[in-house]
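Q: Handing you a structure now.
The values are calculated or read from the model by the stated rules, or taken from the named source; none is laboratory data. This is a predicted model, so every value here is computed, not measured. Methodologically, a virtual Cβ is constructed for each residue, glycine included, from the backbone with ideal geometry; neighbour enumeration extends over all protein chains shown.
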Amino acid sequence: MIIRSKTVALGAALSAALVALLATCARSPRMPALDGAVIEIRRSDQALRPGDPGYADTLQLFWFGTACHLIQLGGVSVLTDPFVTNELDLFHMRSNPQRIRTTLARIAAPDCVLINHSHHDHILDAHAAMAQDSWRTLGVPLYGGKSAANLLAGFDGGVLDPRWGTIAHHQSVEIITRAPGHGATVTGFRTEHGAHLKCGFTLANGLVSKPRQSPPRRLTDFQAGEVFNFLIELRSPSGAKFNVFYLGAPFDLEKRPESLPPAGTRIDVAIILAPTADNVPGYPERHLAQLQPRHVVLSHFNSFAREDPDAQLALGGIDFVKMPKLSRDVQSTFVQNAATYPEFEKLHIPAITIIGEGGEARNVIRIR
């Protein structure tokens, strides 16, 4: 009996040592849902169209990948960061006309376009989208930093298009809407781009100080420039009103407290980006604790090296974005602050919106 006990103890010790060794070599998977949260899976919504019940007072969010969102309430809409090309050629970057035709060409011209910053994956397709006949005829404006306007000038031989508007920190711009009775106000909040690497390095983090004379082609041509988060207020004749905060560039709140609206501002939806999350102290918990949105939408978690949506979560099989961790971090915010953050309703992780030739769209988030 003594010998058997020693054998059992030795086996248990060896098993514990093996588990400890494996734990040092690989990070153990964690439960998808944090204690205190429930993750629900349901069929995605089809887009509501004019004449459909609820169209006038339902907020609709289309996601075309990366940070490109169409935010729509009835007949008013705002488009963020036009990038749908989904290719990566470091030295010969060009907008893909076919991708434009199957995405941005199939939506009604928005009332304005917003540029968070000028890296290629936020602005590459802006000029091609804005050059579409209907968008040009309707005079769709674009708002961002001066670098964005100077970069886009390169597509027109150095000429600044009068539609390229610039926005200043805490400046509110009333958007001229085309649908009767609708309204939209956009407010910019200056911030910085988070570090791409743990050491604090941020790729292409300079300014574009004067209009380019030729189209940007290389990765380093697309300097980040001025960076803005946006508070977007949409209003419809039915009396519906939604405040959407587009957090397009996470940054340390202790260094940039002014990058978010003041605490207490009503936020119905916060669109938050996944890249660099691990390199920004306190993100996303601290940001969400101040914003306290009813709905949280995760964005920019797909790569742009593959065309197949199911092959876009990782590069070379590596999940650089670490989506499972980000999802749990979001959950921890509303679970651990239930008393002080009762506004929370849902966390959305969208599929890429697909639009048919007739304009019908699936994989749309609808919020009332």
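Q: Test residue 204 against the stated conditions and say whether it is among the aliphatic types (A, V, I, L, M), over 23 Å from residue 83 (Cβ atoms), in a loop (DSSP other than H, G, I, E, B) and touching a residue at least 12 places away in the same chain (Cβ under 8 Å). Write out each step before concluding.
A: Numbers: among the aliphatic types (A, V, I, L, M): yes; over 23 Å from residue 83 (Cβ atoms): no; in a loop (DSSP other than H, G, I, E, B): yes; touching a residue at least 12 places away in the same chain (Cβ under 8 Å): yes.
The answer is no for residue 204.
Q: So, one more: Could you name every one of the helices (runs of 4 or more DSSP H) located completely within region 54-169 that has at least 2 residues being touching a residue at least 60 places away in the same chain (Cβ under 8 Å) and either small (Gly, Ala, Ser) or on the phi > 0 side of the Ramachandran plot (or both)?
A: Here the list reads 146-152.
Q: While we're here: Has region 298-312 got any residue that is assigned to a helix (DSSP H, G or I), farther than 30 Å from residue 88 by Cβ and of a type outside the set (Lys, Arg)?
A: No: region 298-312 contains no residue that is assigned to a helix (DSSP H, G or I), farther than 30 Å from residue 88 by Cβ and of a type outside the set (Lys, Arg).
Q: Out of 85, 24, which single residue is buried (at least 22 other Cβ atoms within 10 Å of the Cβ), at pLDDT below 95 and not small (Gly, Ala, Ser)?
A: 85
Q: In region 237-253, what residues are touching a residue at least 60 places away in the same chain (Cβ under 8 Å) and surrounded by 22 or more Cβ atoms within 10 Å (Cβ to Cβ)?
A: 242, 244, 246, 248, 249, 251
Q: Give me the pairs: first residue in region 319-342 and over 22 Å from residue 197 (Cα atoms) and in contact (Cβ under 8 Å) with a residue 12 or more places away in the chain, second residue hydroxyl-bearing (Ser, Thr, Tyr) and surrounded by fewer than 21 Cβ atoms within 10 Å (Cβ to Cβ), beta-carbon distance under 6 Å, and six or more apart or on different chains, which are they?
A: 334/341
Q: On to the next question. Can you find even one residue in region 38-45 that is modelled with pLDDT of 95 or more, part of a loop (DSSP other than H, G, I, E, B), surrounded by 11 or more Cβ atoms within 10 Å (Cβ to Cβ) and of a type outside the set (S, T, N, Q)?
A: no
Q: I've got another one for you. Assess whether residue 137 counts as being closer than 20 Å to residue 273 by Cα and of a type in the set (Val, Ile, Thr). Walk me through it before giving the result.
A: Details: closer than 20 Å to residue 273 by Cα: no; of a type in the set (Val, Ile, Thr): yes.
For residue 137, the condition - closer than 20 Å to residue 273 by Cα and of a type in the set (Val, Ile, Thr) - is not met.
Q: From the list 286, 256, which one is among the charged types (D, E, K, R), more than 17 Å from the chain's Cα centre (by Cα) and under 16 Å from residue 341 (Cα atoms)? Reasoning before the result, please.
A: Values: 256 fails: under 16 Å from residue 341 (Cα atoms).
None of the other options fit; the residue is 286.
Q: Now a separate question. Give region 313-332 a look and list any residue that's assigned to a helix (DSSP H, G or I), out of contact with any Phe, Trp or Tyr (no Cβ under 7 Å at 6 or more places or on another chain) and surrounded by 14 or more Cβ atoms within 10 Å (Cβ to Cβ), or say none. Before you say what the answer is, go through the steps one by one.
A: Step one: list which residues in region 313-332 are assigned to a helix (DSSP H, G or I), which gives 323-332.
Applying the additional criterion that residues be out of contact with any Phe, Trp or Tyr (no Cβ under 7 Å at 6 or more places or on another chain) yields 324-332.
Within region 313-332, 325, 326, 327, 328, 329, 330, 331, 332 meet the criteria.
Q: Go through region 233-266 and report how many residues are within 10 Å of residue 73 (Cβ to Cβ) and of a type in the set (Val, Ile, Thr).
A: Of the residues in region 233-266, 1 are within 10 Å of residue 73 (Cβ to Cβ) and of a type in the set (Val, Ile, Thr).
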